[in-house]
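> The structure is given below, and queries will be raised subsequently.
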Amino acid sequence: MTEGPSLIRGLEGVVAAETRLCDLDGKNGRLAYGGYDIDELARHAAFEEVAYLLWHGELPRPAELAELKSALAAARQIPGDLSQGFRLMPRATDPMRALQAAVAILGMHDPDATDNSQAANRRKAARLTSQLATAICAHHRARSGKEPIPPSTDLSHAANFLYMLTGERPSAVIAKAFDASLTLYAEHEMNASTFTTRVITSTQSDLHSAVAGGVGALKGPLHGGAGEAVMRTLMEIGEVANVDAFSDQALATKRRLMGFGHRVYKAGDPRAAILRGMAEEACRQSGQFKWYEMAVKLHARINAAKGLIPNVDFYSAPLFYSLGIPVDLFTPVIAAGRIAGWTANIIEQHDDNRLIRPRGEYTGPGRRPWFPIDKR
Ligand code: ACO
């Protein structure tokens, strides 16, 4: 590029879109969806209400919530060829790779697949939110050599997810912890995966194509993949007594510690504080308190030494583990929450679209003569 604005690496600090969905105050460590503080939503709202808020801009009234809940429950089945496809995939396939393929296949079946109107996008958002949850669980069962557990129609979205994963109806306490986790992950402004969905949408492509791209972006360890990496770190440490030695070694070797640091939050991630409380409770109840203790000790050591703060993926790791979620399903679970925000961003982008097309700064050689192959 020879003229125009200068390069901003990683687009840090660049404002790429107007949004009414999420107010992220990185300086003060605050977060709100549609004006409602995340703390209140996580405590009091069901994930279905949060999804409605994101898709419609207002919290639902009772009849609206009932309608959404029944639409979500009615959409829980996935097409037979997708279930069959899961059985044919290599057993060792990363669940996020399977999920990305699943979203593409679900797009092939969706009756509104190519309709980008607001009404169709809301219908697709609800359908895909339901089907994504079923797909994650059905793939997990298939790779474990088990039959899928058909979705229930009388459980909440969160409780049904855990039911389809394990075959057991979760207790109210566990269902609430999982529901709140989905809410905490539901939306987060221009994070990498949401931005990806916006870029794809801006070409006037469709919702399923955009979500498939979002799944690919979320998979990376600098984004949604961090939660899984946190749990693997805790497992590597093994015992609370090993945290100090591990921390010294990690600091000495300048190791990048997953679950710490954030591009926008510099004073603290409000989601991490809420998840910490939930992790404490869940680890205690499940008899696996050591994971929480290790996380707290690691947090304190790393924060004292480097000033790094834990992000959303730090305390969600011991929380998800104690809820019985397999470690390599942590990122798909984040996708199961973030789908609400991805689809809300897709709706918002379609409603006021301009092609997202930044520039690159050319750093290659200057103009030079072309040589035929036998002269090179
Ligand atoms: N461990 C060790 N050092 C870190 C970490 C970390 N997790 N995060 C930042 N730093 C250090 C860097 O080494 C760098 O130090 P330096 O200036 O001495 O070189 C400084 O802090 C700035 O780091 P950057 O990578 O430039 O900060 P950036 O804003 O690009 O990074 C990111 C944000 C990618 C999240 C980073 O903190 C990181 O890699 N964290 C670990 C991965 C993670 O937890 N990702 C999940 C994010 S939340 C989410 O996506 C759901």
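The values are calculated or read from the model by the stated rules, or taken from the named source; none is laboratory data. All values derive from a computational prediction rather than experimental measurement. Because the Cβ atoms are built from the backbone with ideal geometry, glycine has one as well, and the counts that use them run over all protein chains shown. Only protein heavy atoms, including side chains, enter the accessible area calculation; ligands, DNA and RNA are left aside. Shrake-Rupley method; radii C 1.70, N 1.55, O 1.52, S 1.80 Å.
> Would you mind stating whether Asp313 is of a type in the set (Asp, Glu) and either out of contact with any Asp or Glu (no Cβ under 8 Å at 6 or more places or on another chain) or within 15 Å of the ligand (Cβ to nearest atom) (or both)?
yes
> Within the stretch 250-278, which residues are more than 13 Å from the ligand (Cβ to nearest atom) and part of a helix (DSSP H, G or I)?
Hits for the stretch 250-278 are Ala273, Ile274, Arg276, Gly277, Met278.
> A follow-up question, please. Among the residues of the stretch 14-30, is there at least one that is touching a Ser or Thr at 6+ places or on another chain (Cβ under 7 Å) and modelled with pLDDT of 95 or more?
no
> Here's something else I'd like to know. Just to be sure, is Tyr321 closer than 22 Å to Glu281 by Cβ, part of a helix (DSSP H, G or I) and open to solvent by 10 Å² or more (accessible area, probe 1.4 Å)?
The answer is yes for Tyr321.
> Please report, ordered by residue number, the helices (runs of 4 or more DSSP H) entirely within the stretch 161-240 with at least 3 residues that are more than 12 Å from the ligand (Cβ to nearest atom) and assigned by TED's automatic domain parsing to the domain that holds Ile105.
Qualifying helices (runs of 4 or more DSSP H): 172-185, 192-202, 207-218.
> Got at least one residue in the stretch 335-346 being out of contact with any Phe, Trp or Tyr (no Cβ under 7 Å at 6 or more places or on another chain), under 26 Å from Gly220 (Cβ atoms) and in a loop (DSSP other than H, G, I, E, B)?
No, because not a single residue in the stretch 335-346 is out of contact with any Phe, Trp or Tyr (no Cβ under 7 Å at 6 or more places or on another chain), under 26 Å from Gly220 (Cβ atoms) and in a loop (DSSP other than H, G, I, E, B).
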